[in-house]
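Heads up, the thing below is written out as structure tokens.
None of the figures in this text is laboratory data; all of them are computed from the coordinates on show. Here the structure is a predicted model, which means the values were calculated and not measured. All Cβ positions, glycine included, derive from the backbone under ideal geometry; neighbour counts span all protein chains shown.
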Amino acid sequence: MQTDLFGNTLGLKPAQLDRLRHTFRRRVPANELISAELARHLSELSRELNRQLGVLIDRKGEIENVIVGDASSLLLPDIGRARAGQSRLRGLRLVHTHLKGEPLTHDDLTDLALLRLDLVAAIAVRPDGLPGAVDWAHLLAENPKGDLWKLDRLPHVNAANIGLEALLAGLESELARVARVQESVGAERAILVGLSTHGKREAESSMAELEELARSAGIEVLDCLVQARREVDQRYFIGRGKLQDLVLRSMQRMATMIVFDANLLPSQARHISEETSLKILDRTQLILDIFASRATSADGKLQVELAQLKYLMPRLVGRDSSLSRLMGGGVGGRGPGETKLEIDRRRARERIDALEKKLKGIAEARGVRRRKRARRDLPIISIVGYTNAGKSTLLNALTHSDVLAESKLFATLDPVSRRLRFPREREVIITDTVGFIRDLPKDLVNAFRATLEELQDADLLLHVIDASDPSFEDQCAAVEKILSELDLMSTPRLRVFNKCDLLPKDLSLPRGGIGISALTGQGFDELLVAAERVLWSEGHQDVLWPSDASKSDDVDETEGTEETEEAKDRQGDEAHLSVNPDPMC
């Protein structure tokens, strides 16, 4: 039988300690929350010691722990993590005293949820030391109201026969039923978390984008949480209190992961994971996961793997001090050699080196193909823009192709090229490229640099913009930032405002752009005439058409072409467009 006390026993007399240890000998009937005898024993001692007292009782009615607190709080012992799965309770209930007769506190309810206790109860200690009313609570399964627990009150301990066995059996049965329903769906269930440090509008826009990213990754979004703080918490990203609320919410909604709208530090991800026992993803991991699921070509898969390894390297951290390694050799340095952690790091570095060599070879092969295609003297048009702006839909509409076009972020990863025939038998190569996004992971940009560098050989960039998105200006800025990093701001480009069919008729577009609808074909004539002017008008290079035409520079002959699928080129994937040629061309 356990007789060790836990908590604040400093200053107690030997006789008082003995009376506390005798608590372990008591038993509670199976259907009762607590026996009247045990409740009186705890209340009298609690009043005498002026300290809260508590017991953890198992389902057999035996007392597992006796806990001594101070006048206003109680610290529970480390009883380990809750049982695996969210359909089971721990099999322990906490009953403790409240000297001022206050109801269950937030800490009590937090312990109930985080430790998945059967229930938690507080006995009000009367001035004469006798037990008063009993406040108690138990968890609830997921419900329409979103309640996490149910609170109840017993007027006195003599009413403690609450049918505990049937109550717990029914509760676990309902938890198991909800868990089976969620497992049958199969999708990951996530709560999204953001931090607002620079304004509510920016945070809401970024969270809406994170929700679309999650949907594109096949994740079911249960809830979104944004905390306003002056600065990021260096340990938990969000505040400790907000993290506890997040854990409670994730338990109630039976979430399997938490996705943060930021790039977490390795230490932050580790600390949050330890606090929540859930899978933790940040924005970069989510984007990498989408890229990994969408990459189809061999070089695309290599580029994604390289980005993943570079992201993973600083996160290979030992969880066990036994993995520490004595220095490699010499006096005081003789040890077991490499640990598993160091082997993993070495293998990751070796794989990164191998992937970089392969991608360098692929880049050189692309250069050869570009030079060959340059000799064919075909102008190159590259479609760029924010992810999900409608680039693939535009390519399909212009060339009568069937490139995958979904209303999901990063539906296109591998460049796809087609031939496009203008009036007067003029031909160009038009290429759909990977979409951009704000805060695109640096490792991902570096990994795809071999692909993105081909944009430098384009004679014209069609910057496709989703005109129906309220934050399209921020998206434009994000795209132009990446274009600037790739030294592409001097390449002629047309701003193409897509999805104009979704806009009110009285809404005018910003100057310097062409309004189209890739679905209906609206504005295609104007777009193609403008593209023809840029590509074939002598001495004319518009950076933005048509508002900046008077400020444009001379067009330089550009060699090279976007990578095409040679077989499809030879098969003549051509589009014959009926466009009235501009008399100026």
Worksheet entry | Potential extension, D402-V445 segment - 0.36 nm per residue separation minus Cα distance | 12.8 nm
Worksheet item: For the cross-link pairs K145/K279; K360/K481; K301/K358; K279/K340; K310/K481; K200/K499, which exceed 18 Å when the distance is taken from alpha carbon to alpha carbon?
Response: K145/K279; K360/K481; K279/K340; K310/K481; K200/K499
Fill in: Paramagnetic label zone (point 7 Å from Cα along Cα-to-C-beta, A169; backbone N under 20 Å) in region 27-67
28-34, 58-62
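Calculated FRET efficiency, D344 and S72, Cβ-Cβ r, R0 60 Å, to nearest 0.05? Kindly include the intermediate steps, with their values, before the conclusion.
Numbers: r = 48 Å, r/R0 = 0.79.
With R0 = 60 Å, the Cβ-Cβ based efficiency is 0.80.
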Worksheet, complete the sentence: Computed over region 5-182, the Cα gyration tensor eigenvalues, each multiplied by 5 and square-rooted, give semi-axes in Å (largest first) of 28, 16, 15
Worksheet item: What is the extension gain from D128 to R235, computed as 0.36 nm multiplied by their sequence separation minus the C-alpha to C-alpha distance, in nm to one decimal?
Response: 33.9 nm
Response to the item:
Kirkwood Rh over alpha-carbon pairs of region 5-54 plugged into Stokes-Einstein at 4 °C, 1.567 mPa s gives a D in µm²/s of 111 µm²/s
Item to complete: Could you list the trypsin sites (Lys or Arg not before Pro) in region 123-156 that lie in coil according to DSSP, counting only those with at most 15 other Cβ atoms within 10 Å of their Cβ?
Response: K145
Worksheet entry | Förster-model FRET efficiency, 25 Å R0, N31 and W149, C-beta, rounded to 0.05 | 0.75
